[in-house]
Amino acid sequence: MAEQTYNPVTSGEIIDRAKRYVQEGYRLTQIHCTKTSTEMFIIYTFEKLDLTCENLKMHVQVGDTVPSISGIFPAAFLYENETHDLYGVNFSDMAVDFKGTFYETSVKQAFSMTGADNNE
Amino acid sequence: MAFNVIGKTIMKSLFGKPATAMYPIIKNEFYPNTRGNIENAIEQCNFCGLCSRRCPTGAIEVSKPKRKWEIDRTRCIVCNFCVHVCAKKSLSTQRHYTAPMTDKAKRIYTLYGEAEKKDA
Amino acid sequence: MGERTIIPFGPQHPVLPEPLHLDLILEDEKVVGAVPSIGFVHRGLEKLVEKRDYHEMMYVIERVCGICSFIHGQGYVQTIEEIMKIEIPDRAKYLRTIWAELSRTHSHLLWLGLMADAYGFESLFMHCWRVRERILDIFEETTGGRVIFSVCKVGGLWKDIDNDTLKRIISELKIIEDELKPLTDVFIKDFSVQKRTRGIGVLTYQEAIDLGAAGPTLRGSGVALDMRKLGYAAYGELDFEPIVEKDGDCYARTLVRIREIYQSLDLIRQCISKIPDGEIEVKVRGNPNGEYLSRIEQARGQVIYYAKANGTKYLDRFRVRTPTFANIAPLLKMLPGSELADVPLLALTIDPCISCTER
Ligand code: SF4
Ligand code: SF4
């Protein structure tokens with residue numbers, strides 16, 4: 001199948017990019033965060049009704065604050081709360097902010113540690 | 001719009017045979033493929049420990065010096081992976097499920113190879 | 001205007017066997033707002049990829065959900081195969097499609113039963129599940145498991161279905177269809193059933209798109225989006241169109257699912273008539289390196305898998321976005337304005353599977 005591209009984006013640009021996607025008729029499919037031993041990034045996926053799909057990749061660090069796109073795509077608040085609770089990335093101006101109670105894990109920001117950090 | 005559309009079905013089940021069987025008087029027939037529980041033909045096993053390393057749940061414990069093969073029946077999810085990886089083909093999946101147990105210690109099922117005493 | 005009350009709904013609720021908790025803000029009997037909280041069964045399965053090698057992980061991913069277990073496994077192996085650039089044999093593709101469609105049928109039947117249960121139609125519930133048993137029997141006969149099948153693997157399948165069994169499945173499908181017809185008629189035609197479903201929880205076309213709804217919830221609002229159209233597995237060679245209903249209410253969503261059952265049965269027949277002979281697996285060497293995001297269609301809607309591999313046998317990250325997660329936002333849109341007595345029904349029409357949402 002076709003190669004997938006992940007267009008780089010910075011936290012300053014994300015709002016503008018999201019607005020452009022709205023105009024082009026995309027909808028938000030998902031947001032998720034990934035942390036490996038060397039890098040950490042958030043992937044935004046947008047799709048159109050004709051099945052095309054685009055990905056944005058934003059490099060972040062634990063504790064960073066990223067502007068929320070839940071003002072543009074209302075469904076984003078769930079993914080942003082999830083990312084906040086599991087990875088410790090903060091989102092400013094979320095439509096609904098659970099303040100870290102979306103997933104109540106016994107270890108806070110459970111996914112922000114990789115296996116290498118734990119040294120298991 | 002119609003009323004009592006299910007009436008016919010109700011009549012059928014009122015006078016027809018029940019859909020369920022009288023367990024335990026009538027026992028269920030298992031299919032040849034049914035994955036029930038894992039057995040080891042211990043005389044073929046060479047205690048290489050491959051099954052225990054590949055088991056996703058860590059249910060198997062193998063000790064080469066003691067010539068011991070041990071499975072925790074309650075941890076095993078009968079995924080069949082150990083059966084596929086065993087080079088000696090000593091593992092097999094039986095058609096019958098593990099019987100219910102009242103004693104937790106019974107969940108561990110141990111087999112000993114020939115050099116030692118036969119069974120525990 | 002009445003006084004406002006907050007009523008907690010779930011996580012233990014007789015209608016919903018899933019731990020979804022909603023704080024309902026009520027004015028008299030009318031819902032004016034709802035705040036969800038999930039996270040009661042968060043298991044962190046995604047994190048396990050760092051400790052299980054990518055072959056073993058298949059069995060873990062399958063256990064994310066008990067209903068879509070096959071499709072989860074299929075999605076996972078597809079993602080890994082995509083990263084490793086493995087092309088699986090055609091027969092394996094068709095077999096995967098058959099099992100996936102059987103899964104969809106049994107999931108929808110399960111849902112129809114639960115739906116009947118939600119408006120108190122116990123006997124209909126029992127009958128739906130009676131028909132579903134036949135599909136589970138097919139599963140047990142072909143894969144060895146009734147719920148968890150463990151037949152997928154990276155590079156193909158562990159088990160083949162021989163042609164005699166495939167023929168038997170066809171005749172079984174006929175029986176299922178005949179038994180199903182009088183039951184689905186109840187959902188479509190019965191007066192009291194329509195009383196509970198028509199005009200309840202309307203989600204408009206635009207809302208469904210904007211809120212990121214997935215699956216029957218989306219298609220019930222008139223949006224023809226079905227990931228099977230991407231043509232993964234054997235879907236590219238099968239003849240089908242996404243099923244769409246316009247009204248966007250509970251009735252439309254029920255109709256979509258009912259028609260999808262018949263569509264699935266038809267797809268299985270198409271598969272069985274076209275299935276080629278041949279191998280069912282290819283040899284897999286080496287470890288995956290790279291990343292891939294795949295979208296496939298589950299019974300409940302679009303599901304997204306993302307895998308990032310680093311060239312060792314452990315993956316760095318595996319992400320599952322289940323359809324229920326996408327459907328929570330539409331649910332919150334449907335709730336305000338409904339009656340308290342309709343809340344269980346509305347929560348059910350998105351076909352929630354909270355345990356797989358939280359992995
Ligand atoms: S993989 Fe087979 S031979 Fe090796 S220890 Fe396990 S059962 Fe014995
Ligand atoms: S069947 Fe699966 S879980 Fe059970 S012992 Fe074998 S590998 Fe482990």
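The values are calculated or read from the model by the stated rules, or taken from the named source; none is laboratory data. Predicted model only: the values in this text are computed from it and were never measured. Glycine gets a Cβ as well: all are built from the backbone with ideal geometry, and neighbour counts include every protein chain shown. The protein model used for the area step is the full one, side chains on, heavy atoms only, and it has no ligands, DNA or RNA in it. Shrake-Rupley method; radii C 1.70, N 1.55, O 1.52, S 1.80 Å.
Per residue of peptide A:29-37, the mean number of Cβ atoms on other chains within 10 Å of the residue Cβ is 6.
Taking the Cβ-Cβ separation of A:GLU39 and B:LYS66 as r and a Förster radius of 41 Å, what is the calculated FRET efficiency to the nearest 0.05?
Numbers: r = 45 Å, r/R0 = 1.10.
In this case the efficiency is close to 0.35.
By average Cβ neighbour count within 10 Å, what is the ranking of C:218-229, C:23-34 from highest down?
Working: C:218-229: 22.4, C:23-34: 16.2.
Result, highest mean first: C:218-229, C:23-34.
Look at where the Cα atoms of segment C:45-93 and of segment B:28-98 average out, and the two centres are 22 Å apart.
Within the accessible area of segment B:38-109, what % is carbon and sulfur when the probe is 1.4 Å and the other protein chains stay in place? Spell out each step's value before the answer.
Details: 2150 of 4150 Å².
Carbon and sulfur: 52 percent of the exposed surface of segment B:38-109.
If you bin all the Cα-Cα distances of segment B:31-112 at 10 Å, starting from zero, the percentages per bin are 18, 55, 26, 2. Overall dimensions of segment B:67-111, expressed as equivalent-ellipsoid semi-axes from the Cα gyration tensor (√(5λ), whole Å, largest first), are 20, 13, 9.
Dividing the Cα radius of gyration of the protein assembly as shown by 2.2 N^0.38 Å, with N the residue count, gives 0.99.
Our coupling estimate for segment B:25-33, obtained by passing each phi through the Karplus curve with A = 6.51, B = -1.76, C = 1.60 and θ = phi - 60°, is 5, 9, 8, 6, 8, 8, 7, x, 7 Hz, Gly and Pro reported as x.
Listed highest first by mean packing, meaning other Cβ atoms within 10 Å per residue, what order do C:271-279, B:36-44 come in?
Working: C:271-279: 13.9, B:36-44: 15.8.
Taking the mean over residues of other Cβ atoms within 10 Å, the ranking is B:36-44, C:271-279.
Is there a quick way to get the dipole size of the protein assembly as shown? I mean about its Cα centre, with the Cβ of Lys and Arg at +1 and of Asp and Glu at -1; what is the value in debye to the nearest 20? Each step should come with its number before you reach the end.
On the way: 76 positive and 79 negative charges, 359 e Å.
The dipole magnitude comes to about 1720 debye.
Inter-chain neighbour count for C:148-158: the average number of beta-carbon atoms from partner chains within 10 Å of each residue's beta-carbon is 2. Binning the C-alpha pair distances of segment C:52-351 at 20 Å intervals from 0 yields a P(r) profile of 34, 56, 9 %, listed from the shortest bin outward. Only protein atoms count toward the accessible area here, which uses a 1.4 Å probe; on segment C:238-317, the carbon and sulfur part of that area reaches 43 percent. Here the peptides A:14-21, A:63-70 are ranked by packing, the mean other Cβ count within 10 Å, and the order with the highest first is A:63-70, A:14-21.
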